[in-house]
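Asker: Below is one structure. I have some questions about it.
The values are calculated or read from the model by the stated rules, or taken from the named source; none is laboratory data. What you see is a predicted model, and the numbers here were worked out from it, not measured in a lab. Don't worry about glycine lacking a Cβ; one is built from the backbone with ideal geometry, like all the others, and counts go over all protein chains shown.
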Amino acid sequence: MKVAEELGVDFLLVKSDSQLVINQLFGVYQAKGDNMVAYLKKVQEVAARFKGMKMEQIPREESSSRCPGQDSCNRRTSIVYKDTNPTSTPT
C-alpha cells in the first residue's frame with residue numbers, strides 16, 4: 001500500500017489469501033493483541049488516503065500458484081490502479 005501511495009495511485013485493489021486479515025479490515029473479526037491492533041490501525045490510516053480501495057479474499061491455492069514454492073509472496077498480492085475507474089481490468 002505504501003508503494004501504491006508513493007506512485008500516486010488513486011484506487012487500489014488488494015487481494016489476500018488471509019481470511020483473518022481481510023475480515024479484520026472489514027470489521028467482521030476483532031484484532032487481538034497489541035501487534036495486530038497496531039497493524040490494523042496503520043493499514044486503516046494508509047487506506048484512508050486513497051480515493052477508493054477494494055479488498056478481496058482469494059483462495060490460498062490461487063495465491064500460492066503465482067509463486068510456487070515461495071511462501072513469502074502468498075500474502076503480498078495486490079493490483080494497483082492509477083486511473084479513476086477501480087473496476088477496470090489490469091493488464
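Asker: So how many residues does region 21-80 have that are acidic (Asp, Glu) and at pLDDT 85 or above? Before the answer, list the steps.
Answerer: Just the residues of region 21-80 that are acidic (Asp, Glu), to begin with: 34, 45, 56, 61-62, 71.
Those still in the list that are at pLDDT 85 or above too: 34, 45, 56.
Residues meeting the conditions: 3.
Asker: Do we find a residue being hydroxyl-bearing (Ser, Thr, Tyr) and in contact (Cβ under 8 Å) with a residue 12 or more places away in the chain anywhere in region 17-32? Before you say what the answer is, go through the steps one by one.
Answerer: So in region 17-32, the residues hydroxyl-bearing (Ser, Thr, Tyr) come out as 18, 29.
Filter again for in contact (Cβ under 8 Å) with a residue 12 or more places away in the chain, leaving 18.
So far as region 17-32 goes, yes, one or more of its residues are hydroxyl-bearing (Ser, Thr, Tyr) and in contact (Cβ under 8 Å) with a residue 12 or more places away in the chain.
Asker: Here's something else I'd like to know. Can you name the residue in region 24-53 that is of a type outside the set (Lys, Arg) and part of a loop (DSSP other than H, G, I, E, B) and is also surrounded by the most Cβ atoms within 10 Å (Cβ to Cβ) among such residues?
Answerer: Just the residues of region 24-53 that are of a type outside the set (Lys, Arg), to begin with: 24-31, 33-40, 43-48, 50, 52-53.
This time we only want the ones that are part of a loop (DSSP other than H, G, I, E, B), so: 27-31, 33, 48, 50.
Working: 27: 10, 28: 10, 29: 15, 30: 10, 31: 19, 33: 8, 48: 8, 50: 17.
Across region 24-53, the extreme among qualifying residues is 31.
Asker: OK, next. Can you name the residue in region 5-23 that is in a loop (DSSP other than H, G, I, E, B) and under 13 Å from the mean Cα position of the chain (by Cα) and is also surrounded by the most Cβ atoms within 10 Å (Cβ to Cβ) among such residues?
Answerer: Quick first cut of region 5-23, residues in a loop (DSSP other than H, G, I, E, B) only: 7-10, 17-18.
Right, trim to under 13 Å from the mean Cα position of the chain (by Cα) and you get 17-18.
On the way: 17: 17, 18: 15.
Step by step, filter region 5-23, then rank; the result is 17.
Asker: If I go through region 46-63 residue by residue, how many of them are farther than 17 Å from residue 16 by Cα and without any contact (Cβ under 8 Å) to a residue 12 or more places away in the chain?
Answerer: The number of residues fulfilling the criteria is 1.
Asker: Then there is this: Can you name every residue in region 1-13 that is among the β-branched types (Val, Ile, Thr) and touching a Lys or Arg at 6+ places or on another chain (Cβ under 7 Å)? Outline the logic, then answer.
Answerer: To start, the set of residues in region 1-13 that are among the β-branched types (Val, Ile, Thr) comprises 3, 9.
Scanning region 1-13 gives a single hit, 9.
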